[in-house]
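Where a number appears in this text, it was derived from the coordinates with a stated rule and is not lab data. Keep in mind the model is a prediction, meaning the values are calculated, not measured. Cβ sites come from the backbone with ideal geometry, for glycine too, and all protein chains shown count toward neighbours.
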Amino acid sequence: MTRIDGRKENELRPVTMTTDFVDFAEGSVLIACGRTKVLCCASVEPGAPRHVPEGTGWVTAEYSMLPRANRERSRRDVSKLKLSPRSAEIQRLIGRSLRAAVDLAALGERTITVDCDVLQGDGGTRTASVTGGFAALAIACRKLVETGALEKSPIKGQVAAVSAGIVEDVPLLDLCYEEDSRAMVDLNCVMNERGELIELQGTGEGRGFTVAEQRALVDLCAGGIRELMKKQKEILGGRF
C-alpha cells in the first residue's frame, strides 16, 4: 500500500533529538518523530521511595499531553490531583522501560524523575517518550559523574521504543495518526540494546491477529529500534 507520507513499510518517520533543550533540568531532550514532539526532562532528587531497599535508587516517569497537543483542545491531565487513566497507564510503561536501563543499586539513594510532556501528538507519543526519556536520563546520570556524586554512570544499556501496526492488512512501522486511526492491529514495542524485549503491548482493534503477524510487527519494531539507538548514540557522543 502507499503510505500517506510516502514512506516504505519498514521506514521510520524523520527523527531528531535536541539535547539540553531547557536550562534547569539535569537532563533534557526534545524528541521529534515526524510531527510528534515530546519534551523529556530528567530531574535528580535525593532520597528514594520507602518501598525501595536501603542504599538503592529509583527511576520513575510522569507523562502528560498539553491541551493543544492534539487536533482539538483536551483538558489538562491533572484534575483534582487525579491523573487521566490513559496518562497513568502510559507513564507506568515509561517508568518500567527506563528502570530497565539503570543499575538502581549503583544509582544510590536518589530518585530520577523523567517528565515527558507531549507538545504535539501525531501518533507514537508513548514510544517517543521512552526513546527521548532514555537520552535525558543518560545525560542526567552523566552529570552525576561529572559533579563527583557518582564514580561511574549507573546506565547499564540503551532502551528505545517504537510502534507498528497493521493497516489494510499490511504491517507498517511507526504509524502516524492517520494510519493509527485506521489500524486493525496496534503494537508498541520496547527493547534494550541486545534486542531483548522490555515491554510489548499488542491490541487487535479491528480484528484479531496471528502469532505470525505479531512476529512480523516485532521484527519491524526491532529494525526501527536499532535506528533509534543509533540516533541516541549520536546525540550522546557514544557514551552513557
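At-a-glance table
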| quantity | calculated |
| --- | --- |
| The chain, relative contact order [Cα under 8 Å, separation at least 6], % | 21 percent |
| For region 171-215, convex hull of alpha carbons as volume per residue, Å³ | 80 Å³ |
| Simple Cβ-charge dipole of the chain, Lys/Arg +1 and Asp/Glu -1, about Cα centre, in debye nearest 20 | 320 debye |
| Local net charge near residue 40, Cβ-Cβ under 13 Å (Lys/Arg +1, Asp/Glu -1) | -3 |
| Over 18 Å [Cα-Cα, region 85-182], rounded percent | 53 percent |
| Selected from 94, 52, 1, residue furthest toward positive end of dipole (region 1-118; charges at beta carbon) | 1 |
| Value of relative contact order over region 108-240, rounded to a whole percent, pairs C-alpha under 8 Å and six or more apart | 23 percent |
| From the C-alpha gyration tensor of region 25-153, square roots of 5λ in Å | 27, 16, 11 |
| Dimensionless Rg ratio for the chain, taking C-alpha atoms and the 2.2 N^0.38 Å reference | 1.00 |
| Nitroxide proxy distance, nm - points 7 Å out along Cα→Cβ at residue 23 and residue 239 | 2.7 nm |
| Reciprocal of mean inverse Cα separation for region 11-95 (Kirkwood radius, Å) | 15.3 Å |
| Helix-only [θ]222 nm of the chain, DSSP H runs n ≥ 4, -39500 (n - 2.57) each, per residue, nearest 500 | -9500 deg cm²/dmol |
| Within a Gaussian network of the chain (alpha carbon springs, distance under 10 Å), most fluctuating of 217, 93, 200 | 200 |
| Separation between Cα centres of region 94-129 and region 194-235, rounded to whole Å | 18 Å |
| Size of electric dipole in region 1-88: Cβ of Lys, Arg +1 and of Asp, Glu -1, about Cα centre, debye, nearest 20 | 760 debye |
| Given 156/230; 156/233; 143/230; 152/231, the pairs whose alpha carbons are separated by over 19 Å | 143/230; 152/231 |
| All aspartates and glutamates inside 20 Å of residue 8 as judged from Cα atoms, apart from same-chain residues fewer than 8 positions distant | 122, 168, 169, 174, 178, 179, 180, 186, 213, 219, 227 |
| Positive-pole candidate from 177, 211, 200, dipole of region 166-240, charges at beta carbon | 200 |
| Förster radius 25 Å - calculated FRET efficiency between residue 1 and residue 92 (Cβ-Cβ, nearest 0.05) | 0.15 |
| Quotient of C-alpha Rg and 2.2 N^0.38 Å, computed over region 142-219 | 1.50 |
